[in-house]
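Working notes, structure below.
The values are calculated or read from the model by the stated rules, or taken from the named source; none is laboratory data. Bear in mind the structure is a predicted one, so any value in this text is a computation, not a measurement. Ideal geometry is used to build each Cβ from the backbone, glycine not excepted, and the neighbour counts take in all protein chains shown.
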Amino acid sequence: MSRVGRNIHVSVDRLRQLAQREGRPGRIKADAGTCPKCDSHYSADEMRRNLRVCPACGHHFPVTARERMEQLGEPGGYVELWPELRASDPLQFTDLKPYTERIAEAEKSTGMGEAIVCAELEVRHQPAVAAVMDFTFMGGSMGAVVGEKFARACDHAAQKGLPLIIVSASGGARMQEGTLALMQMAKTVIALDALAEARVPVVVVLAHPTTGGVWASFASLGDVTYAEPGALIAFSGPRVIEETTREVLPADFGRAEAQLKNGQVDAVVDRRELAERIGRVLHILARPAGGDASTAAPALQWAQGGAQRVGEAVQALPSLPRKMMDRMRPGSTDGEDPGEAPS
Amino acid sequence: MSDRKQGGRFRKVTDKVRRAPEPQEDDLWERVQLARHAQRPYTLDYINRLCTDFEELHGDRYFADDAALVAGFGRYHDTPVAFIGQQKGRDTNERTYRNFGMAGPEGYRKAMRVMEIANRLGMPVVTLIDTPGAFPGASAEERGQGGAISRSIQMMWRLDVPTVAVVIGEGSSGGALGLGVADRVLMLENSTYSVISPEGASAILWRDASKAKLAAQAFKPTAANCYRWGVVDAVVPEPEGGAHTDHEQAAEILDQYLSRTLADLGAMPAAERRRARRERFRKLGPLRDPEGGMGMATGRETPPPG
Ligand SMILES: [Zn+2]
């Protein structure tokens, strides 16, 4: 029986059903929890201290965006950006209940303004901008606010020359914003190029679940892509595929471990090692002090105020030892040209 | 078809669209049905009428050729133009062969391959969108359906050459948007453009497969609405009764809009086109306005080009 027909999006409700079918909690519990895999019980404090990973079996519970920021950031925390942005209802959309009601409920139950939190933070002493999605807010779905905050995070990171860390957890585009939600896929992908122009890296962490229009836009465009153990990563979810094609899918379909084998992610990283891993890769990719004007320069075409920034960067050059520059350009005696500095 | 005459028509239709009343439920459902009419012209029907010659390319050079998406180069008004679009089939065999216009990663990679060549050789890219969505299959996921679509979006945005996307029938979900990031997006009068098909939405949001009509009403995915939202730049009229009644005339009208749009874009410097392309998508999606001062676009304020 094909009820879904040609639908290719994974709905939040479907994921919840799926999660329940598999004995996972449909809603994220911000407090105490029982491990669905091994039945161990943990107090709210233990859950938080264990980064919401079961110490007995390694099961990864969902994490809210703000708690994720605390997990990734240094003590002292993070500075949240644009928390004031809120969704509108361009279609006056109603399904089983009006969209405005759903939004109000989500705002109330999560205490959040939207399904994404953007912030500046330091991950193991590496400064970065982070855009972290929150599945508790309408399934982490991407509407105009998620798109806008994400785009601003890209511009902000590019302007400051900071790497961008993305943590995705989303059922896809927000249906209730219709065609305009679809357009956020284009908006976010385009925004990412600010970072390409600024020559700063993008690290993506795929949390459970990352599906639909989020996987098919910015979440699949990281320079380095980690996935949390067990995370479902797919454009079409298993239920939709089973209903459409009658395929019988393996139990690990679309899961992080399978997607590693498929070549879709770089590594499956345990949450308890995630901050260390991100900090390490950002350290490897960090440009030498003084930056590199030749490669940073295109950033000024991008964001407002960029020209000034690059001007400062050029003045700060050259901090490289003359010897090193000479070695890099045999036959050249001009060590002053910032255009040849290594990146 | 002189330029002056086209310009007049362009304005007349978009004025009509701007003033059109909100379509009612039955009218909306009729649009959905028209958008997927079995006799509606498909991508190759348009390409064969628009181009004096067309060389279709096959294969993504990695894995396979995807018949759900056609791509190649055509001679259009005596200039080379790349055409890319999802292709549906009419009879059972053809539908199966074309996979109902649902492209897999190979389809989008073939599209990117052709876009790259077009960009290198300096020819405009025209995409024709007609799909219920990208193919939902295990093999497609294993070979990176999500990444293929996101990279196709990224490549379309990065192109230096003029780009035009035309929604000719059914434009649903990321599978449609994978070919939709262009300088100008046109939409045929009876086509639809939405985040999901009405059937998919019905099952998910109403938990009831029979609510597709209701879903269509909620999503309002018509050309007129997409124009109001700023998602498309112009609505291309169809022959009386719909494009399926007269393929020749449907192609002729599209030709007028397409040739004019390409001429306009060709007159812009490449850097300006890219800047405008970024702005175009950046402003889509209204935010709540608590103090009347967020400065976000909340709909169309300026008339379309033409
Ligand atoms: Zn456990």
Self-check item: Whichever residue in the stretch A:205-218 is within 11 Å of chain B (Cβ to nearest Cβ) and β-branched (Val, Ile, Thr) and, among such residues, is farthest from the chain's Cα centre (by Cα)
Solution: A:Thr211
Quiz prompt | Residues of the stretch B:108-122 classified as surrounded by fewer than 21 Cβ atoms within 10 Å (Cβ to Cβ) and closer than 14 Å to B:Ala182 by Cα, total | solution = 2
Self-check item: Scan of the stretch A:191-209 for residues that are in contact with a helix residue (DSSP H, G or I) (Cβ under 6 Å, 6 or more places away or on another chain) and part of a helix (DSSP H, G or I), ordered by number
Solution: A:Ala191, A:Leu192, A:Ala194, A:Leu195, A:Glu197, A:Ala198
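Listed here are the residues, each with its yes/no results for (1) in a helix (DSSP H, G or I); (2) in contact with a strand residue (DSSP E or B) (Cβ under 6 Å, 6 or more places away or on another chain); (3) among the acidic types (Asp, Glu).
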site	(1), (2), (3)
A:Ile233	no, yes, no
A:Ala251	no, no, no
A:Leu260	yes, yes, no
A:Glu276	yes, no, yes
Quiz prompt | Residues satisfying the stated conditions in the stretch A:29-45, i.e. more than 16 Å from the ligand (Cβ to nearest atom) and in a loop (DSSP other than H, G, I, E, B) | solution = A:Ala30, A:Asp31
Quiz item: Among the numbered criteria (1) within 19 Å of the chain's Cα centre (by Cα); (2) touching a residue at least 40 places away in the same chain (Cβ under 8 Å); (3) closer than 21 Å to B:Ala176 by Cβ, which single criterion is violated by B:Asp60?
Solution: (1)
Quiz item: Can you tell me which residue in the stretch A:51-64 is surrounded by the fewest Cβ atoms within 10 Å (Cβ to Cβ), limited to those that are of a type in the set (A, V, I, L, M) and more than 10 Å from the ligand (Cβ to nearest atom)?
Solution: A:Leu51
Quiz item: Listed residues A:Arg68, A:Arg48; which is in a helix (DSSP H, G or I), more than 10 Å from the ligand (Cβ to nearest atom) and either among the polar types (S, T, N, Q) or buried (at least 20 other Cβ atoms within 10 Å of the Cβ) (or both)?
Solution: A:Arg68
Quiz prompt | Number of positions in the stretch B:80-101 that are without any contact (Cβ under 8 Å) to a residue 40 or more places away in the chain and hydrophobic (A, V, I, L, M, F, W, C) | solution = 1
Practice problem: For B:Gly175, work out the one condition from (1) crowded, with 24+ Cβ neighbours inside 10 Å; (2) more than 11 Å from the chain's Cα centre (by Cα); (3) assigned to a helix (DSSP H, G or I); (4) at pLDDT 95 or above it doesn't fulfil. | Solution: (2)
Practice problem: Give me a count of the residues in the stretch A:219-242 that are more than 18 Å from B:Ser172 (Cα to Cα) and more than 7 Å from chain B (Cβ to nearest Cβ). | Solution: 16
Quiz item: What are the residues in the stretch A:114-151 that are over 14 Å from the mean Cα position of the chain (by Cα) and of a type in the set (Lys, Arg), if any?
Solution: A:Arg124
Exercise. Any chance you could count how many residues in the stretch A:143-154 are hydrophobic (A, V, I, L, M, F, W, C) and within 10 Å of chain B (Cβ to nearest Cβ)?
Key: 4
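Please state which one of B:Leu265, B:Leu254 is in contact with a Pro (Cβ under 7 Å, 6 or more places away or on another chain) and buried (at least 17 other Cβ atoms within 10 Å of the Cβ).
B:Leu265
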Quiz item: Restricting the search to the stretch B:36-54, which residues are surrounded by fewer than 17 Cβ atoms within 10 Å (Cβ to Cβ) and polar (S, T, N, Q)?
Solution: B:Gln39, B:Asn48, B:Thr52
Quiz item: Considering only the stretch A:155-196, how many residues are more than 11 Å from chain B (Cβ to nearest Cβ) and surrounded by fewer than 24 Cβ atoms within 10 Å (Cβ to Cβ)?
Solution: 5
Self-check item: Meets criteria (crowded, with 22+ Cβ neighbours inside 10 Å and in contact with an Asp or Glu (Cβ under 7 Å, 6 or more places away or on another chain)) for B:Val232
Solution: no
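Residues checked against (1) away from chain B (no Cβ under 14 Å); (2) in contact (Cβ under 8 Å) with a residue 60 or more places away in the chain; (3) out of contact with any Gly (no Cβ under 7 Å at 6 or more places or on another chain); (4) of a type in the set (Val, Ile, Thr):
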| position | (1), (2), (3), (4) |
| --- | --- |
| A:Glu67 | yes, no, yes, no |
| A:Tyr78 | yes, no, yes, no |
| A:Leu85 | no, yes, no, no |
| A:Gln92 | no, no, yes, no |
| A:Asp95 | no, yes, yes, no |
| A:Glu101 | no, no, yes, no |
Quiz item: What are the residue pairs meeting all of these: first residue in the stretch B:259-288, first residue more than 14 Å from every other protein chain (Cβ to nearest Cβ), second residue part of a helix (DSSP H, G or I) and of a type in the set (S, T, N, Q), Cβ atoms under 7 Å, and 6 or more apart or on different chains?
Solution: B:Arg260/B:Gln6
